[in-house]
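Read-outs: derived from the displayed coordinates by stated rules, not from any lab. Remember, it's a predicted structure, so these values are computed and weren't measured experimentally. In this analysis, Cβ positions are derived from the backbone assuming ideal geometry, glycine residues included, and neighbour counts consider all displayed protein chains.
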Amino acid sequence: MQIVRTVAARKRVALVAHDNKKAELLAWAAANREALAQHELCGTGTTGRLLAEQLGLPVTRFLSGPLGGDQQIGALIAEGLIDVLVFFWDPLEAQPHDPDVKALLRLAVLWNIPCASTPTGADHLFTSPLMTQSFPRTVPAAAEATEWPRTAPPGA
């Protein structure tokens, strides 16, 4: 069973990148700074710090991915506090926290979160009219059992 929730026009965007993809995400973010500035941003560890420094925008930072940052973002997705996931993951490099990466991607799909894993995918996502307007999103009916949504990610 599914229920419908409304995603606000101002999105809560999680930005994550594996080490070999950080430069690619930073380049994409710099080229899309104006679009990103319209939303609330968060990211894992070093990625979040680098984005904040480069863009001059506030970025809520969580732990590094291997230290639990992927799980923190996954928890926020399950709580309805992340609206979009941009995750430039490295398909050619084994990750020590691969189960956490798979869990994050699984939660994004389960909770029907728009995702991009490449610059081209992120371009398509951020040029969609839905990025600047509210829209309905179906979520698992289990969401009725939780307080939905909290008003902000922890530490925001």
Which label in [x] 16.3; [y] 18.5; [z] 15.6 gives the computed Kirkwood radius over Cα pairs in Å: [z]
Efficiency of FRET from Cβ geometry, THR118 and ALA142, R₀ 35 Å, rounded to 0.05: 0.70
Once label points are set 7 Å from the Cα along Cα→Cβ at both ARG106 and THR46, what is their separation, rounded to one decimal in nm? 2.7 nm
Mean Cβ-within-10 Å packing, highest first, puts peptides 129-141, 108-120 in the order 108-120, 129-141
Sorted from fewest to most neighbouring beta carbons within 10 Å, what does the list HIS18, HIS39, HIS124 look like? HIS124, HIS39, HIS18
